[in-house]
Amino acid sequence: MEWLTSAAGIRIPKILYGTAWKKADTERLVACAIGQGFRGIDTACQPKHYEEPGVGAGVAASLGANLSRADLYLQTKFTGLSGQDPKRIPYDSEAPIAEQVAQSFAVSLHNLRTDYIDCLVLHSPLPSAKQTHEAWAAMEALVDSGKAGQLGISNCYQLLQLEALYDGARVKPAVIQNRFYADTQYDRNIRAYCRRRHILYQSFWTLTANPRALASPAITALIEKYERTAPQILFRYLTQIDVVPLTGTSSEPHMREDLAIFDFQLTAAEIAQLTTLF
(Lines give C-alpha, C1' and ligand atoms only; values in the text may rest on other atoms or scores of the structure.)
Protein backbone atom coordinates (compact mmCIF):
# COMPACT_ATOMS: atom_id res chain seq x y z
CA MET A 1 0.00 0.00 0.00
CA GLU A 2 1.13 3.53 -0.75
CA TRP A 3 0.03 6.42 1.47
CA LEU A 4 -0.48 10.19 1.32
CA THR A 5 -0.43 12.64 4.21
CA SER A 6 -3.20 15.23 4.26
CA ALA A 7 -2.87 18.89 5.17
CA ALA A 8 -4.25 17.88 8.58
CA GLY A 9 -1.38 15.44 9.06
CA ILE A 10 -3.53 12.31 8.64
CA ARG A 11 -2.12 9.39 6.64
CA ILE A 12 -4.50 8.18 3.92
CA PRO A 13 -4.04 5.06 1.77
CA LYS A 14 -3.88 5.85 -1.94
CA ILE A 15 -6.87 3.60 -2.61
CA LEU A 16 -9.92 3.13 -0.37
CA TYR A 17 -12.46 0.35 -0.08
CA GLY A 18 -15.99 1.73 -0.46
CA THR A 19 -18.85 0.03 1.38
CA ALA A 20 -22.02 1.43 -0.20
CA TRP A 21 -24.72 -0.99 -1.36
CA LYS A 22 -23.14 -4.05 0.33
CA LYS A 23 -26.12 -4.68 2.63
CA ALA A 24 -25.91 -8.09 4.37
CA ASP A 25 -22.57 -8.83 2.73
CA THR A 26 -20.89 -5.78 4.30
CA GLU A 27 -19.16 -7.53 7.22
CA ARG A 28 -17.78 -10.33 5.03
CA LEU A 29 -16.58 -8.00 2.29
CA VAL A 30 -14.93 -5.51 4.65
CA ALA A 31 -13.07 -8.32 6.42
CA CYS A 32 -12.08 -9.74 3.03
CA ALA A 33 -10.83 -6.36 1.78
CA ILE A 34 -8.74 -5.81 4.90
CA GLY A 35 -7.44 -9.35 4.66
CA GLN A 36 -6.33 -8.71 1.09
CA GLY A 37 -4.45 -5.58 2.17
CA PHE A 38 -6.82 -2.60 2.08
CA ARG A 39 -6.11 -0.20 4.93
CA GLY A 40 -8.66 2.53 4.18
CA ILE A 41 -12.42 2.01 4.57
CA ASP A 42 -15.09 4.52 3.48
CA THR A 43 -18.61 4.35 4.87
CA ALA A 44 -21.47 6.61 6.03
CA CYS A 45 -24.10 6.87 8.75
CA GLN A 46 -26.79 6.46 6.11
CA PRO A 47 -28.80 3.22 6.49
CA LYS A 48 -30.39 3.88 3.09
CA HIS A 49 -27.13 3.00 1.28
CA TYR A 50 -24.66 1.75 3.91
CA GLU A 51 -24.71 -1.02 6.51
CA GLU A 52 -22.35 0.80 8.88
CA PRO A 53 -22.64 -1.74 11.74
CA GLY A 54 -21.47 -4.38 9.27
CA VAL A 55 -18.41 -2.25 8.52
CA GLY A 56 -17.63 -2.16 12.22
CA ALA A 57 -18.08 -5.92 12.53
CA GLY A 58 -15.79 -6.52 9.56
CA VAL A 59 -13.14 -4.25 11.03
CA ALA A 60 -13.41 -5.88 14.45
CA ALA A 61 -13.02 -9.33 12.92
CA SER A 62 -9.83 -8.20 11.20
CA LEU A 63 -8.01 -6.75 14.19
CA GLY A 64 -5.50 -8.88 16.05
CA ALA A 65 -1.84 -9.34 16.82
CA ASN A 66 -0.79 -8.25 13.33
CA LEU A 67 -3.28 -5.41 12.80
CA SER A 68 -4.41 -2.65 15.16
CA ARG A 69 -7.00 0.10 14.82
CA ALA A 70 -4.14 2.57 14.30
CA ASP A 71 -3.15 0.70 11.13
CA LEU A 72 -6.49 1.58 9.51
CA TYR A 73 -7.97 4.75 8.05
CA LEU A 74 -11.71 4.89 8.78
CA GLN A 75 -13.82 7.52 7.06
CA THR A 76 -17.53 8.05 7.61
CA LYS A 77 -20.08 10.71 6.74
CA PHE A 78 -22.82 12.85 8.20
CA THR A 79 -25.76 12.65 5.80
CA GLY A 80 -28.40 15.37 5.89
CA LEU A 81 -32.12 14.63 5.95
CA SER A 82 -32.52 14.82 2.17
CA GLY A 83 -30.15 11.85 1.77
CA GLN A 84 -31.78 9.66 4.42
CA ASP A 85 -34.54 7.09 4.26
CA PRO A 86 -37.34 8.83 6.25
CA LYS A 87 -38.08 5.52 8.00
CA ARG A 88 -34.46 4.94 9.09
CA ILE A 89 -32.95 8.29 10.05
CA PRO A 90 -30.05 7.61 12.47
CA TYR A 91 -30.62 10.80 14.47
CA ASP A 92 -33.45 13.04 15.67
CA SER A 93 -34.81 14.70 12.53
CA GLU A 94 -36.39 17.45 14.64
CA ALA A 95 -33.15 18.38 16.40
CA PRO A 96 -31.00 21.38 15.38
CA ILE A 97 -28.40 20.57 12.75
CA ALA A 98 -25.53 20.70 15.26
CA GLU A 99 -27.26 18.08 17.39
CA GLN A 100 -28.00 15.94 14.31
CA VAL A 101 -24.27 15.92 13.50
CA ALA A 102 -23.35 15.00 17.09
CA GLN A 103 -25.93 12.21 17.23
CA SER A 104 -24.93 10.82 13.83
CA PHE A 105 -21.27 10.81 14.84
CA ALA A 106 -22.05 9.01 18.10
CA VAL A 107 -23.94 6.37 16.14
CA SER A 108 -20.95 5.97 13.79
CA LEU A 109 -18.55 5.50 16.71
CA HIS A 110 -20.86 2.80 18.08
CA ASN A 111 -21.36 1.17 14.68
CA LEU A 112 -17.63 1.14 13.90
CA ARG A 113 -16.62 0.02 17.41
CA THR A 114 -14.02 2.76 17.74
CA ASP A 115 -13.44 5.86 19.85
CA TYR A 116 -12.24 8.03 16.98
CA ILE A 117 -12.76 8.52 13.24
CA ASP A 118 -9.86 9.44 10.98
CA CYS A 119 -12.06 11.55 8.70
CA LEU A 120 -15.63 12.84 9.00
CA VAL A 121 -17.16 13.89 5.69
CA LEU A 122 -20.22 16.06 5.06
CA HIS A 123 -22.05 13.80 2.60
CA SER A 124 -23.18 16.75 0.50
CA PRO A 125 -23.72 20.48 0.96
CA LEU A 126 -26.97 21.12 2.82
CA PRO A 127 -29.87 23.02 1.18
CA SER A 128 -28.57 26.44 2.26
CA ALA A 129 -25.11 27.90 2.89
CA LYS A 130 -26.22 28.71 6.45
CA GLN A 131 -27.15 25.08 7.13
CA THR A 132 -23.89 23.86 5.60
CA HIS A 133 -21.98 26.22 7.87
CA GLU A 134 -23.92 24.99 10.92
CA ALA A 135 -23.11 21.38 10.10
CA TRP A 136 -19.45 22.20 9.47
CA ALA A 137 -19.13 24.08 12.77
CA ALA A 138 -20.51 21.02 14.56
CA MET A 139 -18.00 18.84 12.72
CA GLU A 140 -15.20 21.21 13.74
CA ALA A 141 -16.19 20.67 17.38
CA LEU A 142 -15.58 16.93 16.88
CA VAL A 143 -12.08 17.67 15.62
CA ASP A 144 -11.54 19.90 18.66
CA SER A 145 -12.58 17.00 20.90
CA GLY A 146 -10.02 14.69 19.29
CA LYS A 147 -12.71 12.28 18.12
CA ALA A 148 -12.37 13.20 14.43
CA GLY A 149 -8.93 13.56 12.86
CA GLN A 150 -9.93 15.68 9.88
CA LEU A 151 -12.94 16.86 7.86
CA GLY A 152 -14.07 16.57 4.27
CA ILE A 153 -16.99 17.15 1.95
CA SER A 154 -18.55 14.96 -0.73
CA ASN A 155 -20.78 15.59 -3.75
CA CYS A 156 -19.62 19.20 -4.02
CA TYR A 157 -19.41 20.09 -7.70
CA GLN A 158 -19.54 23.88 -7.65
CA LEU A 159 -16.17 25.53 -7.17
CA LEU A 160 -17.75 28.63 -5.61
CA GLN A 161 -19.42 26.42 -3.02
CA LEU A 162 -16.12 24.72 -2.15
CA GLU A 163 -14.32 28.06 -1.99
CA ALA A 164 -16.99 29.50 0.33
CA LEU A 165 -16.73 26.47 2.60
CA TYR A 166 -12.95 26.66 2.70
CA ASP A 167 -12.83 30.41 3.29
CA GLY A 168 -15.43 30.27 6.07
CA ALA A 169 -14.09 27.19 7.83
CA ARG A 170 -11.93 27.31 10.93
CA VAL A 171 -10.95 23.66 10.36
CA LYS A 172 -10.31 23.54 6.62
CA PRO A 173 -11.56 20.65 4.50
CA ALA A 174 -8.74 18.15 4.07
CA VAL A 175 -10.51 15.94 1.49
CA ILE A 176 -13.24 16.15 -1.10
CA GLN A 177 -14.94 13.06 -2.50
CA ASN A 178 -16.76 13.41 -5.83
CA ARG A 179 -17.97 11.42 -8.79
CA PHE A 180 -15.19 11.25 -11.37
CA TYR A 181 -16.90 11.45 -14.73
CA ALA A 182 -17.27 13.41 -17.95
CA ASP A 183 -20.50 15.20 -16.97
CA THR A 184 -18.52 17.41 -14.57
CA GLN A 185 -15.47 17.60 -16.89
CA TYR A 186 -13.74 15.37 -14.33
CA ASP A 187 -13.79 18.25 -11.85
CA ARG A 188 -10.75 19.80 -13.51
CA ASN A 189 -11.30 23.22 -11.94
CA ILE A 190 -12.07 21.73 -8.53
CA ARG A 191 -9.02 19.45 -8.68
CA ALA A 192 -6.83 22.43 -9.59
CA TYR A 193 -8.21 24.34 -6.59
CA CYS A 194 -7.60 21.30 -4.38
CA ARG A 195 -3.96 21.17 -5.45
CA ARG A 196 -3.52 24.83 -4.52
CA ARG A 197 -5.21 24.36 -1.15
CA HIS A 198 -3.68 20.95 -0.36
CA ILE A 199 -7.09 19.24 -0.34
CA LEU A 200 -6.93 15.56 -1.28
CA TYR A 201 -9.36 14.60 -4.04
CA GLN A 202 -11.10 11.23 -3.71
CA SER A 203 -12.89 9.77 -6.74
CA PHE A 204 -15.91 7.49 -6.76
CA TRP A 205 -17.88 5.99 -9.67
CA THR A 206 -14.42 5.89 -11.25
CA LEU A 207 -14.88 2.73 -13.31
CA THR A 208 -18.66 2.53 -13.79
CA ALA A 209 -18.93 6.04 -15.24
CA ASN A 210 -15.98 5.78 -17.60
CA PRO A 211 -16.40 2.86 -20.03
CA ARG A 212 -15.28 5.02 -22.97
CA ALA A 213 -12.05 6.06 -21.26
CA LEU A 214 -11.35 2.50 -20.17
CA ALA A 215 -11.66 1.37 -23.79
CA SER A 216 -9.58 4.22 -25.20
CA PRO A 217 -6.49 3.53 -27.36
CA ALA A 218 -4.28 5.21 -24.75
CA ILE A 219 -5.34 2.81 -22.01
CA THR A 220 -5.45 -0.18 -24.37
CA ALA A 221 -1.81 0.38 -25.32
CA LEU A 222 -0.80 0.44 -21.65
CA ILE A 223 -2.78 -2.74 -20.96
CA GLU A 224 -0.57 -4.53 -23.47
CA LYS A 225 2.68 -2.93 -22.30
CA TYR A 226 2.22 -3.62 -18.60
CA GLU A 227 0.06 -6.76 -18.94
CA ARG A 228 -2.56 -5.21 -16.69
CA THR A 229 -6.32 -4.64 -16.83
CA ALA A 230 -7.94 -1.36 -17.86
CA PRO A 231 -9.12 -0.66 -14.28
CA GLN A 232 -5.59 -1.21 -13.01
CA ILE A 233 -4.20 1.30 -15.51
CA LEU A 234 -6.81 3.92 -14.58
CA PHE A 235 -6.41 3.40 -10.84
CA ARG A 236 -2.62 3.55 -11.13
CA TYR A 237 -2.83 6.75 -13.16
CA LEU A 238 -5.03 8.37 -10.53
CA THR A 239 -2.82 7.34 -7.60
CA GLN A 240 0.21 8.77 -9.41
CA ILE A 241 -1.48 12.19 -9.74
CA ASP A 242 -2.51 12.05 -6.06
CA VAL A 243 -6.18 11.30 -6.67
CA VAL A 244 -7.45 8.67 -4.19
CA PRO A 245 -9.90 6.31 -5.94
CA LEU A 246 -12.55 4.28 -4.16
CA THR A 247 -13.22 0.73 -5.25
CA GLY A 248 -16.34 -1.06 -4.12
CA THR A 249 -15.71 -4.40 -5.76
CA SER A 250 -17.34 -7.47 -4.25
CA SER A 251 -14.88 -9.76 -6.05
CA GLU A 252 -11.86 -11.07 -4.14
CA PRO A 253 -9.77 -11.42 -7.33
CA HIS A 254 -10.62 -7.82 -8.25
CA MET A 255 -9.59 -6.70 -4.76
CA ARG A 256 -6.19 -8.30 -5.35
CA GLU A 257 -5.96 -6.65 -8.78
CA ASP A 258 -6.84 -3.26 -7.31
CA LEU A 259 -4.05 -3.57 -4.74
CA ALA A 260 -1.56 -4.84 -7.33
CA ILE A 261 -1.49 -1.38 -8.95
CA PHE A 262 1.37 -0.51 -6.62
CA ASP A 263 3.55 -3.17 -8.29
CA PHE A 264 4.16 -1.01 -11.36
CA GLN A 265 4.54 2.65 -12.28
CA LEU A 266 3.52 4.68 -15.33
CA THR A 267 6.09 6.99 -16.91
CA ALA A 268 5.76 10.78 -16.91
CA ALA A 269 4.97 10.67 -20.64
CA GLU A 270 2.22 8.10 -20.09
CA ILE A 271 0.76 10.18 -17.24
CA ALA A 272 0.71 13.20 -19.57
CA GLN A 273 -1.00 11.20 -22.32
CA LEU A 274 -3.71 9.88 -19.98
CA THR A 275 -4.27 13.35 -18.58
CA THR A 276 -5.58 14.38 -22.00
CA LEU A 277 -8.46 11.93 -21.48
CA PHE A 278 -9.52 13.64 -18.27
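Return a yes/no flag: does the range 134-142 have any residue that is open to solvent by 30 Å² or more (accessible area, probe 1.4 Å) and under 25 Å from residue 70 (Cβ atoms).
The answer is yes, given that some residue of the range 134-142 is open to solvent by 30 Å² or more (accessible area, probe 1.4 Å) and under 25 Å from residue 70 (Cβ atoms).
Which condition does residue 89 not pass, out of (1) under 17 Å from residue 244 (Cα atoms); (2) surrounded by fewer than 22 Cβ atoms within 10 Å (Cβ to Cβ); (3) of a type outside the set (D, E, K, R), if it passes all the others?
(1) is the only condition that residue 89 fails.
Of everything in the range 112-142 that's of a type in the set (Asp, Glu) and either part of a helix (DSSP H, G or I) or under 16 Å from residue 163 (Cα atoms) (or both), which residue is farthest from the chain's Cα centre (by Cα)?
Out of the qualifying residues, it is 134.
Output the number of the condition that residue 17 fails; it satisfies all remaining conditions of (1) open to solvent by 10 Å² or more (accessible area, probe 1.4 Å); (2) under 18 Å from the mean Cα position of the chain (by Cα).
(1)
Within the range 119-136, work out how many residues are in contact with a helix residue (DSSP H, G or I) (Cβ under 8 Å, 6 or more places away or on another chain) and either over 24 Å from residue 191 (Cα atoms) or of a type in the set (D, E, K, R) (or both).
Selection size over the range 119-136: 2.
Restricting to the range 92-111, give me the number of residues that are touching a helix residue (DSSP H, G or I) at 6+ places or on another chain (Cβ under 7 Å), open to solvent by 30 Å² or more (accessible area, probe 1.4 Å) and either in a helix (DSSP H, G or I) or at positive phi (or both).
Qualifying residue count for the region: 2.
Can you tell me which residue is farthest from residue 32 (Cα to Cα) among those in the range 48-71 that are surrounded by 19 or more Cβ atoms within 10 Å (Cβ to Cβ) and touching a Lys or Arg at 6+ places or on another chain (Cβ under 6 Å)?
51
Could you list all residues from the range 14-55 that are among the small types (Gly, Ala, Ser) and touching a Phe, Trp or Tyr at 6+ places or on another chain (Cβ under 8 Å)?
18, 20, 33, 40, 44
State the number of residues belonging to the range 143-167 that are open to solvent by 50 Å² or more (accessible area, probe 1.4 Å), small (Gly, Ala, Ser) and closer than 28 Å to residue 195 by Cβ.
Qualifying residue count, the range 143-167: 1.
The values are calculated or read from the model by the stated rules, or taken from the named source; none is laboratory data. Values in this document were obtained by computation on a predicted structure and should not be read as measured data. Quick reminder, even Gly has a Cβ in these numbers, built from the backbone with ideal geometry, and neighbours come from all protein chains shown. Surface areas here come from the heavy atoms of the whole protein model, side chains and all, with no ligands, DNA or RNA. Shrake-Rupley method; radii C 1.70, N 1.55, O 1.52, S 1.80 Å.
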